[in-house]
Amino acid sequence: MQLQLHGKKIWLFREPINFCKLIDGLVSLIATQTQYKPQEGIYLFYNKARDKVKCLSWHRNGYILLYKRLESGKFCFRHNPSTGMIEVDTAELGWLLADLEWQKMRDWKELNYDKFN
């Protein structure tokens, strides 16, 4: 089984959650605290210590829950207690999971040349 990122919106929950929550608890959190439907995207959650991330996504006939725990260090995102979600693209997700300061990163523009000197 593989998490398909193509064509899905990726959302980061803006405040830390209780990491005892499993699939049903996370689905309930999305349904009650956001305007999004749990089956329509990929949702990222983090704990207060910022050393764990959970990723929830719908796959065909059930949910997938991925979990990453850092053995040292913290994930680089700022605590933002405002309500809602932050939309993240696939590059930012990769940077986040690689423990980079993803909010400061940017993609370089792709350059295409028709002529070479």
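The values are calculated or read from the model by the stated rules, or taken from the named source; none is laboratory data. These numbers were taken from a predicted model, which means no experiment stands behind them. Methodologically, a virtual Cβ is constructed for each residue, glycine included, from the backbone with ideal geometry; neighbour enumeration extends over all protein chains shown.
The table below lists the values:
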read-out: Residue list for the range 52-64, filter: surrounded by 17 or more Cβ atoms within 10 Å (Cβ to Cβ) and either on the phi > 0 side of the Ramachandran plot or more than 13 Å from the chain's Cα centre (by Cα) (or both); value: Trp58
read-out: Selection within the range 66-103 - closer than 27 Å to Gln33 by Cβ and at pLDDT below 70; value: Phe77, Arg78, His79, Asn80, Pro81, Ser82, Thr83, Gly84, Asp99, Glu101, Trp102, Gln103
read-out: Subset of the range 35-50 (residues that are surrounded by fewer than 17 Cβ atoms within 10 Å (Cβ to Cβ) and in contact with a strand residue (DSSP E or B) (Cβ under 7 Å, 6 or more places away or on another chain)); value: Tyr36, Gln39
